[in-house]
1. Being modelled with pLDDT under 90, under 19 Å from residue 118 (Cβ atoms) and not in a strand (DSSP E or B) narrows it down to one of 15, 34, so name that one.
2. Run down 107, 138, 134 and say which single residue is more than 25 Å from residue 85 (Cβ to Cβ) and modelled with pLDDT of 75 or more.
3. Determine which single condition residue 121 fails, assuming it passes every other condition in (1) under 12 Å from the mean Cα position of the chain (by Cα); (2) at pLDDT below 95; (3) not β-branched (Val, Ile, Thr).
4. Within segment 82-112, count every residue that is outside any helix (DSSP H, G or I) and under 26 Å from residue 61 (Cα atoms).
5. The conditions are (1) surrounded by 18 or more Cβ atoms within 10 Å (Cβ to Cβ); (2) in a loop (DSSP other than H, G, I, E, B), and residue 115 fails exactly one of them. Which is it?
6. Any idea which of (1) of a type outside the set (A, V, I, L, M, F, W, C); (2) at negative phi; (3) at pLDDT 95 or above is the one residue 77 doesn't satisfy?
7. Here is a list: 126, 135, 61, 98. Which entry is closer than 24 Å to residue 22 by Cα, among the hydrophobic types (A, V, I, L, M, F, W, C) and over 14 Å from the mean Cα position of the chain (by Cα)?
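The values are calculated or read from the model by the stated rules, or taken from the named source; none is laboratory data. Only a predicted model underlies this, so the values are computations on that prediction, with no experimental measurement involved. We place every Cβ from the backbone using ideal geometry, glycine too, and count neighbours over all the protein chains shown.
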Amino acid sequence: MEKVNVILEKENNEYFREWIIEEWKHHNTVDPIYQLRIIKPEELTFEDNEEYYKIMYQNKMVGFIGIQNYPKEIFIYRLFLDEKYRNQGIGSMVLQQMIDIAKKQDKDITLDVSEENRARDLYERMGFKTQYRKMVLKINDNIYEN
């Protein structure tokens, strides 16, 4: 298998508005507990510690990764890869680059992933371990509705 060449390009957060909305729609279909009200792109705000990178493969943007950069931790906040580019080693290369960044900054990396998320296997292969289990009692399906 040939080595996958993936480049992370830092970009202005505003660039990712439409991508983030699409990622939220994806989560709504795969995780019934993660029922978010889909907001308009212009309503999306960013925290000061949020950083976003384009995932570039063969000179094309195929996804993005968003992190929250804390003093002792990098929290992988969003990771989205276009479906036609999955299972090609791109996600592994992206995570390895984030691990390299964290090592240079002497920080841990954390993320949240649902039990059903297919990316969980990737995270485990990359060395992530479950540290706690979030439990939810779903009472109101409309909690995020207007």
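1. Answer to the selection: 34.
2. 107
3. (1) is the only condition that residue 121 fails.
4. 9
5. Looking at each condition in turn, residue 115 falls short on (1).
6. (3)
7. One residue alone meets the criteria, 61.
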